[in-house]
Amino acid sequence: MNFWDKVKGDLQKGVEEGITFVREGASVVKKKAEELTEEGKRRYRIYELKAAVQKEIAELGGKVYELSGKVRNPMLDSKVKAIRARIKKLESEIMKLEGTLKTGARKPTAKKRTVKKAATKKTATSD
């Protein structure tokens with residue numbers, strides 16, 4: 001094999017390897033983009049739910065204020081109970097979605113501290 005044939009073969013091999021590398025890279029990029037898109041959708045859904053909670057809490061506050069002058073315990077009102085139920089439902093949806101965001105996160109563990117007792121020495125003193 002002469003020098004020219006070797007160079008030509010190496011170039012052809014390099015082109016084939018380059019094409020393979022680009023294909024694999026494109027596949028990885030596509031997969032990562034899909035993952036990021038899904039996470040973005042989850043985060044936007046959490047944002048929407050939190051906005052809904054804020055709206056419900058404002059409505060709850062208004063209703064309780066309205067009822068506070070009329071009834072002894074406004075928390076027993078059926079409309080107040082319904083608003084609280086909607087808030088709890090939204091809260092559980094948020095917790096569920098936030099749990100999926102933190103799948104890789106670890107909870108910090110509390111370190112146990114050991115208390116060392118100081119050794120006391122009695123020394124005899126002579127006067």
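The values are calculated or read from the model by the stated rules, or taken from the named source; none is laboratory data. This is a predicted model, so every value here is computed, not measured. Positions of Cβ are generated from backbone atoms using ideal geometry, with glycine treated the same way; all protein chains shown enter the neighbour counts.
Listed here are the residues, each with its yes/no results for (1) within 30 Å of A82 (Cβ to Cβ); (2) without any contact (Cβ under 8 Å) to a residue 24 or more places away in the chain.
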site	(1), (2)
D10	no, yes
G18	no, yes
F21	no, yes
E24	no, yes
K32	no, yes
L36	no, yes
G40	no, yes
Y47	yes, yes
A52	yes, no
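Are there any pairs, at least 6 apart or on different chains, whose C-beta atoms fall under 6 Å, with the first in the stretch 69-86 and within 14 Å of E59 (Cβ to Cβ) and assigned to a helix (DSSP H, G or I) and the second among the acidic types (D, E) and modelled with pLDDT of 90 or more, and if so, which?
I83/E56; I83/E59; R86/E56
Just the residues that are closer than 30 Å to G40 by Cβ and hydroxyl-bearing (S, T, Y), please, taken from the stretch 64-99.
Selection gives S92 alone.
Table: residues versus (1) under 21 Å from S92 (Cβ atoms); (2) of a type outside the set (A, V, I, L, M, F, W, C); (3) part of a helix (DSSP H, G or I).
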{"residue": "V29", "(1), (2), (3)": "no, no, yes"}
{"residue": "A33", "(1), (2), (3)": "no, no, yes"}
{"residue": "R45", "(1), (2), (3)": "yes, yes, yes"}
{"residue": "K50", "(1), (2), (3)": "yes, yes, yes"}
{"residue": "Y65", "(1), (2), (3)": "no, yes, yes"}
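May I ask you to list the residues in the stretch 1-47 that are modelled with pLDDT under 85 and aliphatic (A, V, I, L, M)?
Those that are modelled with pLDDT under 85 and aliphatic (A, V, I, L, M): M1, V7, L11, V15.
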